[in-house]
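Written below as structure tokens is the structure these notes are about.
Every read-out reported here was derived from the displayed coordinates using simple, explicitly stated rules and does not represent laboratory data. Being a predicted model, the structure only gives us computed values, none of them experimental. Neighbour counts are summed over all protein chains in view; Cβ atoms, including those assigned to glycine, are modelled from backbone coordinates with ideal geometry.
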């Protein structure tokens, strides 16, 4: 049984956040807002607690599929190499889908709801992702023969990596690193609400997937963080559920368009009263 790396990493998360706050104060920067940071930390703690309950669901799903595995990989060195790329590739497509299908966006939007970009924001994690099936994007992995515990361990590695890239303290990494890996610069673009930055840079660890599949955008000016319409709340419960509440209201009000309001793009409206990220981008470009 592999240890839960996230639990062991919590003291390091706290330590690096304190260090970043100190740097922010020294530079007199606007990277932090107290209420916002506390909300993010509360979301992170909620995610950990809920994760204790949902980990069994995810492990159970992987274990069930693993019974029908096509190959026997085990814990060989080459399986660890393959699972790294397989997990990161799966994460890219999950993440990209979470920005293009409202059902998955309802869980993922939590992570984008802060108007600040700092290490505390990295802790602003979903409370509903596992319950609503985000793990389905990884079910092919136990089917081809990756052991379930290996997959869960790699999930933790990916999440740990993505913690440090949520910062404005680091501007650019060496050029070779920027070309291959996800970095603070690349991920700042992902958290931006600037129209040209919307739905870009979905990478977990490797930025190569965005470059391969046409979703890469370099950082050109300092982003404006948050959502195109911010929720203006520091209440963790509202942060965790606000989009689910909006979906429910839309479905009740417009039952004939229920499918699109649940599984269409975020921002979809049958009457044009709201706009998707692509429509906003086209509007800016005058298309």
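Suppose R0 equals 25 Å; then what is the FRET efficiency for residue 140 and residue 180 from their Cβ-Cβ distance, rounded to the nearest 0.05?
Plugging the Cβ-Cβ distance into 1/(1 + (r/R0)^6) gives 0.55.
Using a simple spin-label model with points 7 Å from Cα along the Cα→Cβ vector, what separation in nm is obtained for residue 101 and residue 245?
Taking the simple label geometry, residue 101 and residue 245 are separated by 2.6 nm.
Over all distinct Cα pairs, what is the inverse of the mean 1/r for segment 5-238, reported as the Kirkwood hydrodynamic radius in Å?
18.4
How far apart, in nm, are the 7 Å Cα→Cβ label points at residue 93 and residue 34?
4.7
Could you work out the Kirkwood radius for segment 87-208, taking every pair of different alpha carbons, averaging 1/r and inverting it, reported in Å?
Computed over segment 87-208, the radius equals 15.1 Å.
So the label point goes 7 Å from the Cα of residue 19 along Cα→C-beta, right? Which residues of segment 140-173 then have their backbone N under 14 Å from it?
163-170
Can you classify segment 140-185 as rounded, prolate or oblate using the Cα gyration tensor, where a ≥ b ≥ c are the square roots of its eigenvalues, rounded means a/c under 1.5, and otherwise it's prolate if a/b beats b/c and oblate if not?
Prolate is the answer for segment 140-185, as a/c is 1.5 or above and a/b outweighs b/c.
Starting with the highest mean, order 49-55, 113-119, 178-184, 233-239 by the number of other Cβ atoms within 10 Å, averaged over the residues of each peptide.
Descending packing order for the listed peptides: 113-119, 178-184, 233-239, 49-55.
In Å, what Kirkwood hydrodynamic radius results for segment 1-53 from the alpha-carbon pair distances?
Computed over Cα pairs of segment 1-53, the Kirkwood hydrodynamic radius comes out at 12.7 Å.
Classify segment 101-164 as rounded, prolate or oblate from the Cα gyration tensor: take a ≥ b ≥ c as the square roots of its eigenvalues, call it rounded if a/c is under 1.5, otherwise prolate when a/b beats b/c and oblate if not.
Here segment 101-164 falls in the oblate category.
Measure off 7 Å from each Cα along the Cα-to-Cβ vector at residue 269 and residue 78, then give the distance between these two points in nanometres to one decimal.
5.5
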